[in-house]
Amino acid sequence: MENKYFQPEAETMPVEEIKKLQDEKLVKQIRYVYDNVKYYRDLMDKKGVKPEDIKGTEDLCKLPFLKKDDLREAYPYGLLATDLKDCVRIHSTSGTTGKRVVAFYTQNDIDMWEECCARAIVAAGGSSDDVCQVCYGYGLFTGGSGLHGGSHKVGCLTLPMSSGNTDRQIQFMMDLGSTFLCCTPSYASYLGENLKEKGYSPEDNKLKAGIFGAEPWTEEMRRDIEKALGIKAYDIYGLTELSGPGVAYECSEQSGMHINEDHFIAEIIDPDTGEVLPLGSKGELVFTALDKEAFPMIRYRTRDICVLSREKCSCGRTFVKMTKPMGRSDDMMIIRGVNVFPSQIETVLLNNGYAPNYQIILDRVNNSDTFDINVEMGTEDFPDSPKIITAKEKKLQDAMKAMLGINPKIHLVAPKTIPRSEGKAVRLIDKRRRYGITI
């Protein structure tokens, strides 16, 4: 494939120039954050570090980390660095106890984010000649908006389909000749199955590439999707806290995702000690956003475990690469592209009068996650009537969906039926691991 770039000067910048740019931006950003974000200023003061102590990226280790707990504690405006009148949009993720992470964007933040997504599309072979079908969710979720904006920047004809309504997805895909597909890998697989059921072969569609993210997927799943749709499948990485998808993306080599280093500094740390590890080490990924105005993130701990590499890439890009996340350093689960914490489930159970005796069972059927929760009822609460149990399950399922954003299947079970290990319930059975999925 011909090497193409959306912003060649940035994407092929010599490594020493990247370092110089990061040094300059970091010094400026730390002063900006210190002056405008009291929450982070207090963290810096507590650690005894001032903006003048930061002279370049080598001083990053002096700065305090930001963690998910900080974002919850500062909700909603505690990490906002601009006047609210300068913000043009928010996006949000679900929170572990009902409090969400709300990320704010200025127009400059939106432009930067969309340019990063445009780089991903061009790296996958996209151009203004393409018809880009965006099947990520829109609304508060960042997936749809990010790739939609990136598609516009590239000049593609953009189909803002959002998720679901598969029959309509296929109709537009075939009638309008979609050449690019942007969605979760599980939905791409599902589309492939539906196309086959409708009698289409991979040669019948005009798709050439897909950009898939928001949930873990294996190399085997990549090959299955490529075969089912007749495309080349590319990975993309991002976090709402940092903007959304497009923080990193795959190129034609598909040997890791290039991190947009002109906008983000990546570090790998020991998740237990916080010590910065050398390049090539496996550890927790930490990001510092260099250009974000409304919601700047300094040394944000992603909890994703991966490895960074500076091996020369055949695509000509000089940005450092990250591997697919290999796991988590916390208890977060990614289910159908949604972040889910056990503490969220416990909150719903307690709010609905149940003891937090439960078991989560995750599996994958036809390349899509299944999500079941077994919940023990108390001895005095366990009814004899199956009809009453079904009604209680439905009520609890609705409460879980309201908290999590996705629908688990609830099973109310008799007291003492969830297995214990040394007196403690086994909370999670993740059968997806047998397919090589580690998150």
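The values are calculated or read from the model by the stated rules, or taken from the named source; none is laboratory data. This is a predicted model, so every value here is computed, not measured. FYI the Cβ positions are ideal-geometry reconstructions off the backbone, even for glycines, and counts take in every protein chain you see.
In the range 293-313, the count of residues that are outside any loop (DSSP other than H, G, I, E, B), aliphatic (A, V, I, L, M), more than 22 Å from I437 (Cα to Cα) and within 19 Å of the chain's Cα centre (by Cα) is zero.
Pairs are defined by a Cβ separation below 6 Å, a sequence spacing of at least 6 or placement on different chains, a first member in the range 7-36 that is at negative phi and touching a residue at least 40 places away in the same chain (Cβ under 8 Å), and a second member that is of a type in the set (K, R) and buried (at least 16 other Cβ atoms within 10 Å of the Cβ); the pairs so defined are E11/R317.
Determine if the range 1-10 includes at least one residue that is surrounded by 15 or more Cβ atoms within 10 Å (Cβ to Cβ), charged (D, E, K, R) and modelled with pLDDT of 95 or more. Let's see the steps before the verdict.
Of all residues in the range 1-10, those surrounded by 15 or more Cβ atoms within 10 Å (Cβ to Cβ) come to 3-7, 10.
Among the residues that remain, those that are also charged (D, E, K, R) are: 4.
Then drop every residue that is not modelled with pLDDT of 95 or more, which leaves none.
There is no residue in the range 1-10 that is surrounded by 15 or more Cβ atoms within 10 Å (Cβ to Cβ), charged (D, E, K, R) and modelled with pLDDT of 95 or more.
Among the residues making up the range 325-357, those that are part of a loop (DSSP other than H, G, I, E, B), over 20 Å from the mean Cα position of the chain (by Cα) and modelled with pLDDT under 80 are A355, P356, N357. Looking across the range 256-280, just one residue is farther than 27 Å from F295 by Cβ and at pLDDT below 95, and that is D272.
Pairing residues of the range 259-283 that are assigned to a loop (DSSP other than H, G, I, E, B) with residues that are of a type in the set (D, E, K, R), at Cβ distances under 7 Å and at least 6 apart in sequence or on separate chains, gives N260/R119; H263/D291; P271/E284; L277/D270; L279/R310. Listed by position, the strands (runs of 3 or more DSSP E) enclosed by the range 131-193 that each have at least 3 residues that are assigned by TED's automatic domain parsing to the domain that holds G210 and under 23 Å from K227 (Cβ atoms) are 131-134, 180-183. Just for the range 197-212: of the residues that are at pLDDT 95 or above and out of contact with any strand residue (DSSP E or B) (no Cβ under 8 Å at 6 or more places or on another chain), which one is nearest to L181 (Cα to Cα)? Result: N205.
Taking the range 194-220, which residues are in a helix (DSSP H, G or I), touching a Phe, Trp or Tyr at 6+ places or on another chain (Cβ under 8 Å) and among the hydrophobic types (A, V, I, L, M, F, W, C)?
None; the set is empty.
Applying the criterion of being farther than 18 Å from P216 by Cβ and more than 10 Å from the chain's Cα centre (by Cα) to the residues of the range 231-241, the residue that is surrounded by the most Cβ atoms within 10 Å (Cβ to Cβ) is I231. Might you check whether a residue that is outside any loop (DSSP other than H, G, I, E, B), assigned by TED's automatic domain parsing to the domain that holds Q133 and among the basic types (K, R) occurs anywhere in the range 225-234? Yes, the range 225-234 has at least one match. When only residues in the range 129-153 that are surrounded by fewer than 24 Cβ atoms within 10 Å (Cβ to Cβ) and among the aliphatic types (A, V, I, L, M) count, which is modelled with the lowest pLDDT? Among those that are surrounded by fewer than 24 Cβ atoms within 10 Å (Cβ to Cβ) and among the aliphatic types (A, V, I, L, M), it is L140. Inspection of the range 29-39 finds no residue satisfying the criterion of being surrounded by 16 or more Cβ atoms within 10 Å (Cβ to Cβ) and either part of a strand (DSSP E or B) or of a type in the set (G, A, S) (or both).
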